[in-house]
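The structure under discussion appears below in the form of structure tokens.
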Amino acid sequence: MASSTQSSDRYIMGSPFRGLFVVINNEVFENAPRRKGTEKDTGRLKATFEQLGFNVKVYDNKSTIEMLQIMAEAKDLSEEYDCLGVAILSHGIEDKIYGVARDDVRPLDAVLGPLKDTKKGIPKLILIQACRGENLDDGHLVPEDHDASSNSKAEDKAIRVPIESDFLYHFSTSPGYYSFRNATNGSVFIQKLCDVFDEFIKSNVEIDVVKSMIQVNRRVAEDYESFVANPKDKAFHKKKQMPSFVCMLRKELFLKKQT
């Protein structure tokens, strides 16, 4: 039997500004290669999420300490919104993310830790464009498919939920694998994600966010194959990439173009 405290199967999106969206765009590092093309990803994210009613804030070239401070500020500001989005565009390895300072690496869970203390049970969409290892995916052949706003106070209806709830993480690649980015066009993951969202925006159709994540996964997995012209980098030629997401939402999350 459904709980009497559950007023809706969807997260409510009724505020004038639907959400806060924070982009951490790390391009220039003290002792790591420059992430050329990342400005293309930042521009696409800003344009897409502003159309969805988000207040987008971009932070360039931040250390992990500064990233922690930004997350704490975002947590405080999120009280005014119905949704919180975060995109971290940086270098990464396994479950860690790099800041721009020398030897600056910290567990991703620690960087995002402040967001787990939000007092409202709002959905939190986390996009991570970063490597998660050094493995390369050669791909393999598979057969084609065949036919076989509430104004009531939160404390009035308070329920206890896990601190890990209401998060949706979408990673550019699978654990242990390399994540590709083009110096001219940006990363395949962010560009495909914005392509999917923009198609719904253009048609003025609601975005079922979780289902859209699957569309993004499919487009990256099926449409993308790396191309490297330099023989010195032939190990990176004709490789595939598989994004992955982890859903800990308690309700359905829908977004729509804000008019």
Scan the range 74-88 and give yes if some residue there is among the small types (Gly, Ala, Ser), out of contact with any Lys or Arg (no Cβ under 6 Å at 6 or more places or on another chain) and open to solvent by 10 Å² or more (accessible area, probe 1.4 Å), otherwise no. no
Name the single residue, out of those in the range 167-221 being aliphatic (A, V, I, L, M) and outside any helix (DSSP H, G or I), that is farthest from Phe49 (Cα to Cα). Ala183
Between a residue in the range 125-139 that is more than 17 Å from Arg35 (Cα to Cα) and any residue that is in a loop (DSSP other than H, G, I, E, B) and open to solvent by less than 40 Å² (accessible area, probe 1.4 Å), which pairs come within a Cβ distance under 6 Å, given they are 6 or more apart or on different chains? Asn135/Gly176; Leu136/Lys239; Asp137/Lys239
Would you please list the contacts, defined by Cβ atoms under 6 Å and residues six or more apart or on different chains, that run from a residue in the range 190-206 that is farther than 19 Å from Thr173 by Cα to a residue that is at pLDDT below 95 and surrounded by fewer than 19 Cβ atoms within 10 Å (Cβ to Cβ)? Ile201/Lys257; Asn204/Lys257; Glu206/Lys256
Residues within the range 63-73 that are open to solvent by 50 Å² or more (accessible area, probe 1.4 Å) and either in contact with a Phe, Trp or Tyr (Cβ under 9 Å, 6 or more places away or on another chain) or within 27 Å of Asn182 (Cα to Cα) (or both), tallied: 1
Failed condition for Ser226, given (1) under 19 Å from Arg35 (Cα atoms); (2) assigned to a helix (DSSP H, G or I); (3) open to solvent by less than 20 Å² (accessible area, probe 1.4 Å): (2)
Of all residues in the range 105-148, count the ones that are out of contact with any His (no Cβ under 9 Å at 6 or more places or on another chain), within 23 Å of Asn217 (Cβ to Cβ) and modelled with pLDDT of 90 or more. 10
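The values are calculated or read from the model by the stated rules, or taken from the named source; none is laboratory data. In this text the structure is predicted, and so the values were computed from the model without any measurement. Because the Cβ atoms are built from the backbone with ideal geometry, glycine has one as well, and the counts that use them run over all protein chains shown. Keep in mind that these areas ignore ligands, DNA and RNA; they rest on the heavy atoms of the full protein, side chains included. Shrake-Rupley method; radii C 1.70, N 1.55, O 1.52, S 1.80 Å.
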